[in-house]
Each structure stands twice: as structure tokens, then as C-alpha cells.
1. For segment 346-363, what are the residues that are under 17 Å from residue 502 (Cβ atoms) and outside any loop (DSSP other than H, G, I, E, B)?
2. Within segment 617-654, how many residues turn out to be surrounded by 21 or more Cβ atoms within 10 Å (Cβ to Cβ), more than 20 Å from residue 236 (Cα to Cα) and β-branched (Val, Ile, Thr)?
3. Tell me which residues, restricted to segment 560-609, are in contact with a Phe, Trp or Tyr (Cβ under 8 Å, 6 or more places away or on another chain), open to solvent by 30 Å² or more (accessible area, probe 1.4 Å) and not in a loop (DSSP other than H, G, I, E, B).
4. Would you mind telling me which numbered condition in (1) in contact (Cβ under 8 Å) with a residue 24 or more places away in the chain; (2) open to solvent by 10 Å² or more (accessible area, probe 1.4 Å); (3) farther than 16 Å from residue 147 by Cα residue 114 fails?
5. Residue by residue through segment 170-184, note down the ones that are surrounded by 22 or more Cβ atoms within 10 Å (Cβ to Cβ) and closer than 20 Å to residue 54 by Cβ.
6. Which of the residues that make up segment 501-518 are touching a helix residue (DSSP H, G or I) at 6+ places or on another chain (Cβ under 8 Å) and either farther than 23 Å from residue 224 by Cα or part of a loop (DSSP other than H, G, I, E, B) (or both)?
7. Could you tell me whether any residue of segment 323-339 is at positive phi and within 26 Å of the chain's Cα centre (by Cα)?
8. Please find, among 639, 552, 629, 615, the residue that is touching a strand residue (DSSP E or B) at 6+ places or on another chain (Cβ under 8 Å) and touching a residue at least 24 places away in the same chain (Cβ under 8 Å).
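The values are calculated or read from the model by the stated rules, or taken from the named source; none is laboratory data. Just so it is clear, the structure is predicted and the values come from calculations on it, not from any experiment. Neighbour counts run over all protein chains shown; Cβ positions are idealised from the backbone, glycine included. Surface accessibility is based on the protein's heavy atoms, side chains included, excluding ligands, DNA and RNA. Shrake-Rupley method; radii C 1.70, N 1.55, O 1.52, S 1.80 Å.
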Amino acid sequence: MKKYIKLFVFVLLVGFLSGCNDFLDREPLDQVTPQMFFGSADELAAYTVRDYPFATVGSGYGLSLFGVDNDTDNQAGTGYPVFWQPGEKKVPVAAGSWNWERIRNTNYFFENVLPKYENGEIGGNQDHIKHYIGEMYVIRAYNYYTKLVTYGDFPIVTEVLKDEPSILIEASKRKPRNQVARFILEDLDKAIPLLMETPPNGKNRISKNVAHLIRARVALFEGTWLKHHKGTAFVPGGPGWKGNSADLQGFNIDSEINFFLDEAMKSSKILGDKMVDKLSENTDTREGMDVAYNSLNPYYTMFADENMEGYDEILMWKDFNKAVGVTTNLQMELERNGGGSGWTRGMVNSFLMRNGLPIYAAGSGYDPNWEKEGVNKTLEERDSRIQIFTKKPGDINYYKADGTPDITSIRYIFGDGGSRATTGFMVKKGKHYSPTMAQDHDSGTSGGIVFRGAEALLIYMEASYERNNSIDATASSYWKALRKRAKVDEDFNKTIAATKMAEEAKGDFGAYSQGRLVDATLYNIRRERRNELAAEAFRWEDIKRWRALDQFIDNPYRIEGMLYWGSVYETELADLAIVDPEKGNMSSPNVSKYILPYEKITANNIIATQKGFLFTPAHYLEPIGMDVFRLTSSDPTNFETSNVYQNPGWGIQGATGPTAVH
């Protein structure tokens, strides 16, 4: 039982008490007794920053944050994801992600800090003290949000529990997901009045604006999840839901949907109105930096700069500093090769022509034969975002020490797993131009965005339409601002009128909800979100909350990259392409003229056998690991006596695959 909810063992960053300039500059951990701690603002600052749970770029290989969307309809990776192979994903034998350390840490903080705060026993700047307490409410809220996304229903625990089996087992009971989401919003409501607009030590720390954005994100997620999964076992009270009916007193799913969408609108508008006129400028240059690393395009460099503090659109970012040993390996991949990723053809085709028309529409100006001429021609006259954030043949990888450019090659499509340009459409978002960062694993110091304001505009657009089935004045102004920056005709109604959903469905999972095509307006709102947040780790959550995968239960979907067979590259790279079921580096022209990134090697490849991705609804949520049932069972020999229920479609025995969800 101690693996799950146990009495907090107090550890902290002793050397971090006075210098909290960024949440990554950490010195070694040490142990300190509670009596010595929580007596000053600096000590609160050290504790909260240690527990920041936010995802951004890291220090490992690959594209880090910019590769999280791999294996979706947006980006293709290099492996064979079990998510798309029904029966291959298994229940963990251990606990999986069902862990409590982060939540326990936040509860320990409140248990010790709030009484001291109320009694005036914490020294230092009182605004800072309140701010750090507010930060911890945000941290707990975000930790619960990750559990909501992963598992749906989840226990709500707000105190440090005694290490007694009966207490811990009782506390392990899951609460309906809407209650978890409401709890998250309540924590954020507590945080917002305490937080400062401009936090101590700048945007490396949580701010009031960050809390508003997280609140909007959570509310949109839950509102759209309930709406699109209504009538299934994935929502409280739905057919096959295993929760406690006593927890549904007064529950009405339509009222809950409206509540969360209203809250998403409210929170996103607070921030969106601040951001709409402060979006980073897009100068539409082919390259983002000059040889001295000066910005040629603020919109581009916002994602790659070493110091992101000056960008109004950035609400929070992560600083890397070689002097303290905090670096990232990201640029070795972005600057030198394909990074084991690439935009899919469906992603590329979702970007409009600059006149605001889809590529298939009459009068768009697009010529399908451009694909034969290569990547550069394929992207001609498109939305600026796909042009500036795609690393095209002839683009500059980085500037060498002598100032001459190292140039991008299409040959990266034949790289090894970690460096391969999987589709030919290479990701450029986040790329710097420093030769040192390109060549040295331990020298990456480009910053990492944690939260940015454009998301608030997209949240409002989606929530307001889902709630009211119309585009109001606020949503219209936000949408036009995003299209204006993208160098696309601001008239979104023109786009909507020209949209053919059957065409969009060929390359966009978001064309669907519940196995049916959505209307053209909602689709174009989703398109805008897809294009603006490309490679920023939103796609998995989006396609799950939209219930946008049911159409693949019986009908496989093939991920495609650029046109290879019949293009200029077939001749140019003829000496490199190998078509072979066991050692191939290029998919067969007998299957498709386009690169099939998951079917270059077909031997013992289930995805190739399936003829693409297939889906089972159990995968909308993660399975709870077998150990959880073992440790919460009243009879250790019978896991069925556990007071924790499994997610739809999954069993409680480890290493077993899912079944159908009815």
C-alpha cells in the first residue's frame, strides 16, 4: 500500500532557497526536517518550484516536446505504436501511472503552510508568500489534470493520509471525472486571487495568466469530452460505467457540458482579450535568424530563442543555462537532421492557401502536380505557418563557425531511427541556428515554451461554438487575428463555404466525432487549432476528447508522407532507396506513391498487415495497473474485491489486452 498513498517523506532543494531564477537550475537534493522549513517566502519558493509538473523540451534524444505528437495524423515517428494495434497494448503488471507522489507533496505543503500563513508565522514579502501558496494550488490542479486525461475518474485526496491500510484503501475510491474536473477548477479559483500578474523572477514561474489558461484548458477538455463521449461508458452514468451511482446525485450530463464550456469561455476570454493584440509578429521570412542569431521573424524565434522573457505571447517558459549544467539536446536533432519525425501529408494538406481556400477548392490556385516537384513547390502559396515551420531542402540548418550555412538535404529521409526525416516534411518549429548547439550534446540552451497565450484564443473559439453553435464577435476577432498572422485571408466564412468534409476526412482525424463527420464550421475551428499548435503536444489529447477515432475501429487509416515515387526525388535518390520487406528504407510503390513511414519494413509488422492504423475504444483511456487492484483488495487472493474499478474495455490482470467496449 505504501507504493500508492503513504505519509510524505520530506525532501527539498536546500541549495535553492535563495536563488529561484528558473525552475530548472537545481542543485542536489537533501533532507530537511519540517521544523526547519516553511518559515519564509524563500523556503516556500524553493518547495513549489521543485514540484513544477509542466511538460516542455527536455534533455533526451529526439524532438522532445516537438515530437510528442508523433504517431498521430499530425506527425509520424519511427516505431510501430501499439496504440494503433488493437490487442497489443497491455494492462501494466505494476501500477502504471497510478501514483501519488506529486499529489501527496502538494497536500503536505498545504497541511504545513496554511496554518503558519493564517497565524502570520511566515516571514518575508507577503505578496510573494501568497503567490507561492497560489502556485501550489496550480500545481495540484495540474497534477490532477494529468490524471483526468490519463484515467478519467480518479480519487480526490486533499490531505496527507495516515499510513494505515483501511484509510488508504478507502481513499483509493475513484470519483466521477466531472467531479475531478470541478475540483481542479476550484483549486485554480483559489490560486488566481493569490497569484501575481508578474511573478517573482519573471516568466520562469507560474503567474495569474498561467492559471487562467490552465483553467480554460481543463474546462474545454472536460466539456468536450462529456459532449462527444456522451452515451458511452467513458462518462459518468453512461451505459457500462462502473462508478458509484451515489456519486451521481443531481448529475445531469447536459448541464455539466454547458457548465464546463461556459467556464472555458469565461477563463479563455480573460486571457484572450489581453493576448489578441499582443501576438508575436510574423514577418514571413524563410529563415528565422541571421548569422548573428538576431531574429528575422519574432513568431519563429519565439519557439527557439535562448531568452523568451520578452515575448508577450509567452506566459511561461523554461530556461536552459550551461553554466549550471542545465541543457537540452534538442538542437542536435532539429539543426542536423529529421529528428525521427515529420509532418504527415494529411497535416500538410490541412493548411489553406493564402487566399483562404482549401487546396482542393476551385480557385485555390493549388496544382496537385506540384507534389512531383518536391517539398518546396508543394508548400507554395500556403499558410505561412507550414512554410516557416517546415525545414525544406535548401533551408539553413545552422551557421558554421565561419558564418557559412549548413544546408538541409532531402536525404535525411534515409537516416537512422533518431535522425530520420520520416515523411520528408521536416519539423523546423523550435530550431535555432547555433553550430555549438548543433554539434554538442551538452550545449543546448534554447528555451522551452511551457504556456503561450494563443491557446486562449483557440479555446474560446472552440468552446463558444460547441456551446452556442455560432461564431460570436469575440471568437470572430480571435480567429481573424490568428489568420492574419498566418498570412491567410481573414474571411473564415469563405473557407467554411468552400470546405468539403469528405475531402478533409482523408487527412484529418478531427473531421470526425463519434464516427460521424462534424459540420464545416466546427471542423475549421479544429483545423485552426491543429495548424497553430502543430508540434506543441496537443494532438493526442484533442483526438481523444473529440472522440475522433471511432471511424478506425474497422477501417484502417494509412499515414502518408511526401510524394516519393513519381517525384523528382525518385531519380535524385535512386541510389539510396531500398524496397525490401525486412531491411527496406522506403515503402513500396506497389502500395502507395507516397512515403508510408510505418510500412518501410513490412515483415512482422502488424501495422502493415492491418494496412494502416486500427483503433479500439478502450484506448481512449489508459488501463490501471494490476498492482493497484492487488493492493486495494479486501481479499488479497481475489482482485475482484478491490474498491477500484478498471477503465472501459480493460481487465484487471496484468499483461492482458483490451476487449470491445459496448
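1. Let us first name the residues in segment 346-363 that are under 17 Å from residue 502 (Cβ atoms), namely 346, 349-350, 357-362.
Selection gives 346, 349, 350.
2. Residues in segment 617-654 being surrounded by 21 or more Cβ atoms within 10 Å (Cβ to Cβ), more than 20 Å from residue 236 (Cα to Cα) and β-branched (Val, Ile, Thr): 2 in total.
3. 570, 594, 606
4. Residue 114 satisfies all of (1) in contact (Cβ under 8 Å) with a residue 24 or more places away in the chain; (2) open to solvent by 10 Å² or more (accessible area, probe 1.4 Å); (3) farther than 16 Å from residue 147 by Cα except (1).
5. 180, 181, 184
6. Across segment 501-518, the qualifying residues are 505, 506, 507, 508, 514, 515, 518.
7. So far as segment 323-339 goes, yes, one or more of its residues are at positive phi and within 26 Å of the chain's Cα centre (by Cα).
8. On inspection, the qualifying residue turns out to be 552.
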